[in-house]
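See below for the structure under consideration.
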Amino acid sequence: MPRSLAKNPQSAAPAQTTATVVSAPKAPTSKSAAASAAVTQATPVNTAIPEAIRASVFDAIHKAGDEAAMANEDTAKRTLARFFTVKDPFDHPLFKQWAALVPNLAQETVLEPFSGANHIPATLVKHGWANEWAAFDIQPSKAKDNAMPSLKTKKRDTISDFPKGYNVAVTNPPWLAKNSAKRRGLPFPITAEDDLYKVALKALLDNVGHAAVLLPESFITQGIWRNRLFGVVSLADSPFEETEHPTCLALFLPVGTGDFDIWRGLVRVGSFADLASRLPSAMTDARAPWKFNVPAGVVGIRCVDNTRGPSIEFVRGETIPTSKIKHSSRSLTRIGGLPDNIDLDAFLAAAQARLDGWRNLTQDTLLTAFKGTRSDGHHRRRLDFANARMILDLALGDVSKSKKSKTAA
């Protein structure tokens with residue numbers, strides 16, 4: 001596949017090379033318009049995808065829940081994480097490239113281990129990418145809700161008893177963070193994993209070679225199961241209409257890949273190896289004993305984008321009220337440790353320049369997505385403390401070198 005770096009249209013900095021871009025489909029103005037949109041067949045990379053957004057529903061059903069909960073729609077959605085999609089995440093160039101690598105896909109029986117109402121199989125059959133399916137779910141939908149009546153869903157807890165003998169799977173596993181389950185009083189399996197999707201994904205990859213999986217977008221920065229990744233698509237909009245949780249489409253192969261591509265919507269950003277090389281490097285002689293969440297810290301960071309645009313910002317600590325700083329603070333912080341001989345404003349400018357340059361080069365794909373979409377159509381992002389620390393060190397090095405140059409002059 002071509003290796004290129006796309007330009008970030010939100011930044012004035014120039015792109016490094018030309019990006020592979022495919023025109024994005026426009027969203028319909030209503031669900032009825034979406035339902036009547038024409039279904040398109042696979043198109044070659046670098047060609048426009050015709051407008052074709054289907055009002056599909058991909059149900060992610062958690063192990064938690066019982067018939068009583070199902071009687072209440074709102075409770076069911078929270079307990080079983082049933083979220084409805086308004087866009088088809090599979091009508092994408094990278095998915096088509098992945099599907100082309102599956103030997104004899106048209107003859108394969110494709111597994112949907114968390115099938116809900118079978119909207120994923122129904123959508124892909126319409127695309128013509130897979131005709132034979134096997135569907136399982138812990139609580140199959142009623143017959144009247146089955147999007148593919150010819151496909152009967154077998155009842156099974158596939159997390160604890162995963163189906164055997166399948167080579168290909170396309171699915172949307174259950175998502176449920178352990179802390180969210182605790183906060184909502186929902187059951188959670190005994191596991192070292194912090195999210196149910198990781199338990200489900202492990203079971204899937206232990207049993208299936210080729211897999212296309214809808215996951216939380218934070219998967220990209222988790223550093224897990226990368227050895228078999230073919231590529232990841234950060235979906236520009238969440239495919240679910242009743243949650244703002246950022247989503248990605250992860251594509252896996254049965255053997256080690258060595259590297260994988262990252263796309264942001266319909267733009268290829270680059271390979272992971274290339275983007276990772278653009279991470280702020282800790283290899284600098286200029287370091288300080290940074291301490292985060294210090295109420296009197298002179299350096300401040302607004303660590304999360306607002307809803308208008310990319311707005312993570314290094315600021316004077318005094319602009320952040322001390323009452324906002326807690327031991328557990330992650331969206332706002334004040335930091336201590338800046339050497340006394342460093343000009344604060346020059347340091348903040350250097351740190352901001354480092355951050356903005358990194359965001360531009362990586363198109364934000366290596367910053368963890370935060371709930372909600374900005375008015376520019378992209379996910380909000382959060383700067384974690386580990387990367388913030390490296391940026392602080394680099395900025396300190398920049399300012400120190402500048403001082404030495406001026407002194408020498």
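For residue 273 and residue 316, calculate 0.36 nm times their separation in residues minus their Cα-Cα distance, and state this gained length in nm to one decimal. Before the final figure, lay out the partial values.
Details: separation 43, 0.36 × 43 = 15.48 nm, distance 3.44 nm.
Result for the pair: 12.0 nm of gain on full extension.
Which far-off residues, 5 or more places away or on another chain, put their amide H under 5 Å from the one on residue 177, with H placed in the peptide plane?
Under 5 Å from the amide H of residue 177 lie the amide H atoms of 196, each far enough along the sequence or on another chain.
Quick one: grab Rg to one decimal and Dmax as a whole number for the stretch 80-218, Cα atoms only, in Å.
Values for the stretch 80-218 (Cα only, Rg and Dmax): 15.0, 46 Å.
Count the net charge of all other residues whose Cβ sits under 13 Å from the Cβ of residue 390, scoring Lys and Arg as +1 and Asp and Glu as -1. Kindly include the intermediate steps, with their values, before the conclusion.
Numbers: positive: 278, 287, 354, 389; negative: 384, 393, 398.
Computed value for this residue: +1.
For residue 315, what is the net charge nearby, where nearby means another residue's Cβ is under 13 Å from its Cβ and Lys, Arg count +1, Asp, Glu -1?
Working: positive: 302, 316, 324, 334; negative: 313, 318, 345.
It works out to a net charge of +1.
Once amide H atoms are placed 1.01 Å from N in the peptide plane, what residues at a sequence separation of 5 or more from residue 315, or on another chain, have their amide H within under 5 Å of its amide H?
Distant-sequence amide H within range of residue 315: 300, 301, 302.
So what are the ³J(HN,Hα) numbers for the stretch 137-149, from phi and the Karplus equation (6.51, -1.76, 1.60; θ = phi - 60°), rounded to whole Hz, Gly and Pro as x?
Working through the residues one at a time gives 7, 5, 8, x, 5, 5, 4, 5, 9, 6, 6, 9, x Hz.
In whole angstrom, note down how far apart the Cα centers of the stretch 351-406 and the stretch 245-281 are.
Answer, in whole Å: 19.
Order the peptides 182-190, 269-277, 371-379, 359-367 from the highest to the lowest mean number of other Cβ atoms within 10 Å of their residues. Write out the running numbers ahead of the final one.
Details: 182-190: 12.0, 269-277: 18.3, 371-379: 16.1, 359-367: 22.2.
Averaged packing, sorted descending, gives the order 359-367, 269-277, 371-379, 182-190.
Under 5 Å between amide hydrogens, which residues at least 5 positions from residue 368 or on another chain qualify, with H placed 1.01 Å from N in the peptide plane?
Those lying under 5 Å, H to H, from residue 368 are 382, 384.
Quick check: net charge around residue 292, other residues with Cβ under 12 Å of its Cβ, Lys/Arg +1 and Asp/Glu -1?
+4
Whole-Hz Karplus ³J(HN,Hα) for the stretch 377-393, in order, using 6.51 cos²θ - 1.76 cosθ + 1.60 and θ = phi - 60°, x for Gly and Pro?
With coefficients 6.51, -1.76 and 1.60, one gets x, 9, 5, 5, 10, 10, 8, 7, 5, 5, 6, 4, 4, 5, 5, 4, 5 Hz.
Residue 107 to residue 345: FRET efficiency via 1/(1 + (r/R0)^6), r the Cβ-Cβ distance, R0 56 Å, to the nearest 0.05?
Values: r = 66 Å, r/R0 = 1.17.
Once rounded, the FRET efficiency stands at 0.30.
Based on the inverse mean of 1/r over its pairs of different Cα atoms, what is the Kirkwood hydrodynamic radius of the stretch 291-408, in Å? Walk me through the intermediate numbers first.
Details: mean 1/r = 0.0677 Å⁻¹.
When all Cα pairs of the stretch 291-408 are included, the Kirkwood radius is 14.8 Å.
What does the highest-first list of 122-135, 324-337 look like by mean Cβ count within 10 Å?
Details: 122-135: 19.1, 324-337: 15.8.
With the highest mean Cβ count within 10 Å placed first, the list reads 122-135, 324-337.
Computed from the coordinates by the stated procedures, all read-outs in this text should not be read as laboratory data. Given the structure is predicted, the values throughout are model-derived calculations rather than measurements. Note that we place each Cβ from the backbone using ideal geometry, even for glycine, and neighbour counts take in every protein chain shown.
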